[in-house]
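To start, the structure itself, in structure tokens.
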Amino acid sequence: MTEKKILIVYGTRFGATEGVAIKIAEIFRDNDVLADVVDLEERSDFDNFDGYDGLIIGSSIKIGQWTRHVKNFVRNMRLEIQKFDGTVGFYVCSAYAAIAEQYAKVKEEYIPDKLTEFDVSIDYYDAFGGIIDFSESSRMGWLEKKIMKLAGKQATGVPVESEYTDLRDWDQIEKFALGFLDLFKA
């Protein structure tokens, strides 16, 4: 009997989406499912999904857009995703997904609504909060930090002054991973 294997690909700007991909892979491995995690900025040369039984795509959101690496991946692999016989999932990370009133809008507009542009459908999806990182090791430039201070205030309702604010709900992420596994194993 061959082991089942899931490919998790992602595009991240500030690290939130990457952290989610790593956590999902850990949950899969803890449940005896193999998982490969690939940063699409480092590798995007897929031509098929041979050897995989499941696929999850993750993207950060900035100004309402996926990362260009995810957009290119979905565009270039559209036909392969359409004919893929396994379970397909998608998630986004956005500070606005952490706002209860904005969550449903982010989840719908940035995933299934966006996927219709590529004529791609998926089996399972969710939206998670992001991170706001003003530390010296942050991947944000000074202008992005300034914009994120404003966006962070909107997202949380209070000024974001700490150096690092994690808006991801790890229980929600675990439920997503386990829900995907339920579909995957069905």
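The values are calculated or read from the model by the stated rules, or taken from the named source; none is laboratory data. What you are looking at is a predicted structure, and each value in this text was computed from that prediction instead of being measured. Here the Cβ positions follow ideal geometry from the backbone for every residue, glycine too, while neighbour counts run over all protein chains shown.
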Which residue, of 63, 81, 99, is without any contact (Cβ under 8 Å) to a residue 24 or more places away in the chain and hydrophobic (A, V, I, L, M, F, W, C)?
63
Give the residue that is surrounded by the fewest Cβ atoms within 10 Å (Cβ to Cβ), with candidates limited to residues of the range 1-52 that are among the acidic types (Asp, Glu) and either touching a helix residue (DSSP H, G or I) at 6+ places or on another chain (Cβ under 7 Å) or not in a loop (DSSP other than H, G, I, E, B) (or both).
30
Exactly one condition in (1) touching a Gly at 6+ places or on another chain (Cβ under 6 Å); (2) within 16 Å of residue 176 (Cα to Cα) is false for residue 53; which is it?
(2)
I'm trying to understand the selection: among the residues of the range 150-181, which are closer than 18 Å to residue 100 by Cα and modelled with pLDDT of 85 or more?
168, 169, 170, 171, 172, 173, 175, 176
